[in-house]
Amino acid sequence: MVYVVKDYDKHFFFYAKGWYKKDDLWEDLRKIQGEYCNIDPEHISKNDIIQKLLTIAVDIMSMNNKYLKRHVISFINSCNTSEYWKVDAKNYNEAVVKNSLSLMKFTKVINIHPIEDCDYSLLPKHEED
């Protein structure tokens, strides 16, 4: 299945898919959310970021209603404290965010174009090592 990205979510997908340089997870996502909400990133809380990314993750998982329950249970289990090492997370909130970004990274999308749509004034471009 292919996911159609909402225009105001595209920078989260670009970040997840590695088009933006990843520096500080929370600060990077605050900048993206601040742009999306048109407010200063310092007013964005971790809970705001988590709520936004979970909304996207649930949208992705619900594309196929037949497997929604299985997807949601799998996602919740992947955020379990014993599984933090899989996403290099320090705590539950970070595990939720990193699992959401991982889901976005591997989701096939058709309507965003990194070369035309990335905003490198928002976050720097990821350079290959």
So which of 111, 93, 77, 99 ends up being farther than 14 Å from residue 16 by Cβ, touching a residue at least 24 places away in the same chain (Cβ under 8 Å) and in a helix (DSSP H, G or I)? 93
Which count do you get for residues in the range 59-78 that are surrounded by 12 or more Cβ atoms within 10 Å (Cβ to Cβ) and over 11 Å from residue 1 (Cβ atoms)? 7
The lone condition residue 44 fails out of (1) within 13 Å of residue 13 (Cα to Cα); (2) crowded, with 19+ Cβ neighbours inside 10 Å; (3) at pLDDT 90 or above is (1)
Within the range 34-64, how many residues turn out to be in contact with a His (Cβ under 9 Å, 6 or more places away or on another chain), in contact (Cβ under 8 Å) with a residue 12 or more places away in the chain and farther than 23 Å from residue 76 by Cα? 2
Can you name every residue in the range 34-58 that is in a loop (DSSP other than H, G, I, E, B) and over 17 Å from residue 6 (Cβ atoms)? 39, 40, 44, 45
Per the list (1) within 12 Å of the chain's Cα centre (by Cα); (2) over 22 Å from residue 123 (Cβ atoms); (3) aromatic (Phe, Trp, Tyr), residue check on residue 15 breaks on (2)
Condition check for residue 120: part of a helix (DSSP H, G or I) and of a type outside the set (A, V, I, L, M): no
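Rundown of residues vs (1) over 14 Å from the mean Cα position of the chain (by Cα); (2) modelled with pLDDT under 90; (3) within 19 Å of residue 35 (Cα to Cα), yes/no style:
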site	(1), (2), (3)
83	yes, yes, no
90	yes, yes, no
113	yes, yes, yes
118	yes, no, yes
125	yes, no, yes
128	yes, yes, no
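Scan the range 7-32 for residues that are outside any helix (DSSP H, G or I) and of a type in the set (D, E, K, R) and jot them down.
17, 21, 22, 23, 24
The values are calculated or read from the model by the stated rules, or taken from the named source; none is laboratory data. All of these numbers come straight from a predicted model, not from anything done at the bench. FYI the Cβ positions are ideal-geometry reconstructions off the backbone, even for glycines, and counts take in every protein chain you see.
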